[in-house]
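The values are calculated or read from the model by the stated rules, or taken from the named source; none is laboratory data. Remember, it's a predicted structure, so these values are computed and weren't measured experimentally. Here the Cβ is made from the backbone with ideal geometry for all residues, glycine too, and neighbour counts use every protein chain on show.
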Amino acid sequence: MTIDTLINIGINIGISIINIAIVFTVAMLHVAYATYFERKVIGHMQVRLGPMRVGPHGLLQPFADGLKLFFKEDVIPANADKPVFYLAPVIFLVAALTSLAVIPYYQGFVIADINIALLFIFAMSSLGAYGIIISGWASNSKYAFLGGLRSAAQVISYEISMGLSLVGVMIMAGSLNLTEIVNAQYESPYGFFAIPQFIGFIVFVIAAVAETNRTPFDLPEAESELVAGYFVEYSGFRFALFFLGEYIGMFIMSSIGAICFLGGWTIPKYITDILPFLSYVPGIVWFLLKVYAFIFFYYWIRATVPRYRYDQLMAIGWKILIPVALANIVITGLLKIKILL
Amino acid sequence: MIIKTVKELANKIFFIEILKGLALTLSRLFSRSVTIQYPKEKRLIRPGFRGQHALVRDPDTGWVKCVGCGLCAAYCPSQCIYIFTTEGDDGKKIVEKYEVELLRCIYCGFCVEACPYSAVALTENYEYSDYSRDALYMTTEKLLSNWDKLMSGKKGEDYFKKFWRPLSEDFGTPEGQAIYKKAGKG
């Protein structure tokens, strides 16, 4: 190896580290303000104001919350399985954060541009479920354990329908690489895969809500029956790790939705043909707009729909979403062959 | 899950009910919130509000207007009014102490209603939380100063005229019956 290649590798690693730092910081700030906007949006939907005291219109509330969590006592139950108890939130957060690496935020800005990005994200969200399950086990509390078991069953059920709903996108794009999926969408006459893949889109949105354990599928953390579900026994910063993981999970699911169905950082050509000035808007703006639309939808549905019963949850997953997603794959596949031939 | 009609089936497929709910929550998002930002904004106090107690100060004597008949204490559902009277030199009843235990009061206003001489009042003050029980035990002096602070002048007059018409105004006392007369006019 020559000096030049070594320098090149060094520069590449440096750029990667800078990219990682940027993405990590933005993601953390995003989580902080996602909690703020969640409280604001749900507050206003319930004809309340939401946080108003810390800073103007409560804008500093996330920092107050973070500080509070940081200084809270770290309580560990006496009979908890200690090493596993320590490990669980880390697994959960790491799985969520790792997924951030493969998401393309705009053309060319992606930490790891791998060809199996979509598969990688599925794998990571499944790993996150391990964090939930073993936290439920290690807490040695019946509430936490029930939450963990519920989460296991729920995540397994909905991962299938989510994966199947995205197969249609994979067939249309012919790739698992997220950048290529976005480019394929831009090249296609529809602009958004949500138009030809509307069945897959609906299945994906429902499954994504279930996958991130959000209302109306928040049975693993059902406040009214399981106190807080799998993280009942966690406090202080360990609790914050779960919280961060959940919100980053939401951000990732929203990003996948935006990338796979709404064209990521691009807007359809037929829109720029009519309104040419829109093409000057940087791609990151479109990407974030779409992601925030998804996240707003999460909040909106949380403020609207009450929690499903567990058998209803399973029935929706297995009896409706999976058959519908399968039918969607068959139809998409047949159409693809028909058009190609 | 029994689906009877085509309409029900369509409702199920297109999430009609959920969409209706979503439309409702979205419309609420843009409506004015009903929250009152309490320490900054305060709720409008309606006339006749029943807040902290006050004892009417007699402008002539400078002491309580109360005659110590004990009707308010008898009516009081939570039995939180304590009246201590003594006999004066001329054989008249003197109210020594009139005390209210605020922590037991239910703010029903029966004491004000019962009083024939309009000598007790419920003021519009509701911000008097404190750290000790003693601070919320209203002695005669505290009750009198409440009157001076919150209800003196026109406000106190209107208060009784509008909401608690004293019985002594509607029904004059029969001649010969022992009645309260202001000290010194005997």
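Key figures
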| item | result |
| --- | --- |
| Some residue of the stretch A:52-70 being closer than 26 Å to A:GLY136 by Cβ and free of Cβ contacts under 8 Å to residues at least 60 places away in the same chain | yes |
| Any pair with Cβ under 6 angstrom, 6 or more apart, that starts in the stretch B:122-149 at a residue that is without any contact (Cβ under 8 Å) to a residue 60 or more places away in the chain and in a loop (DSSP other than H, G, I, E, B) and ends at one that is surrounded by fewer than 19 Cβ atoms within 10 Å (Cβ to Cβ) and not charged (D, E, K, R) | B:ASP130/B:LEU136 |
| Count of the stretch A:13-53 residues which are more than 14 Å from chain B (Cβ to nearest Cβ), more than 17 Å from A:ALA240 (Cα to Cα) and surrounded by 15 or more Cβ atoms within 10 Å (Cβ to Cβ) | 3 |
| Helices (runs of 4 or more DSSP H) contained in the stretch B:1-119 and holding at least 1 residues β-branched (Val, Ile, Thr) | B:6-13, B:16-29, B:110-114 |
| Which numbered condition A:GLU223 fails, given (1) in contact (Cβ under 8 Å) with a residue 60 or more places away in the chain; (2) more than 22 Å from A:TRP286 (Cβ to Cβ) | (1) |
| Residue match in the stretch A:84-104 (condition: within 24 Å of the chain's Cα centre (by Cα), modelled with pLDDT of 85 or more and not in a helix (DSSP H, G or I)) | yes |
| The lone exception for A:PHE287 - which of (1) farther than 30 Å from A:GLY108 by Cβ; (2) in contact (Cβ under 8 Å) with a residue 60 or more places away in the chain it fails | (1) |
| Contacts under 6 angstrom Cβ, first residue in the stretch B:46-59 being under 17 Å from B:PRO116 (Cβ atoms), partner assigned to a loop (DSSP other than H, G, I, E, B), 6 or more apart | B:VAL56/B:LYS65; B:VAL56/B:ALA119; B:ASP58/B:LYS65 |
| Residue count, the stretch B:8-50 (criterion: closer than 30 Å to A:ILE202 by Cα and either within 11 Å of chain A (Cβ to nearest Cβ) or within 43 Å of the chain's Cα centre (by Cα) (or both)) | 19 |
| Unmet requirement for B:GLY91, which otherwise passes all of (1) surrounded by 12 or more Cβ atoms within 10 Å (Cβ to Cβ); (2) more than 14 Å from B:ARG50 (Cβ to Cβ) | (1) |
| Criterion violated by A:GLU246 - all others in (1) surrounded by 20 or more Cβ atoms within 10 Å (Cβ to Cβ); (2) in contact with a helix residue (DSSP H, G or I) (Cβ under 7 Å, 6 or more places away or on another chain) satisfied | (2) |
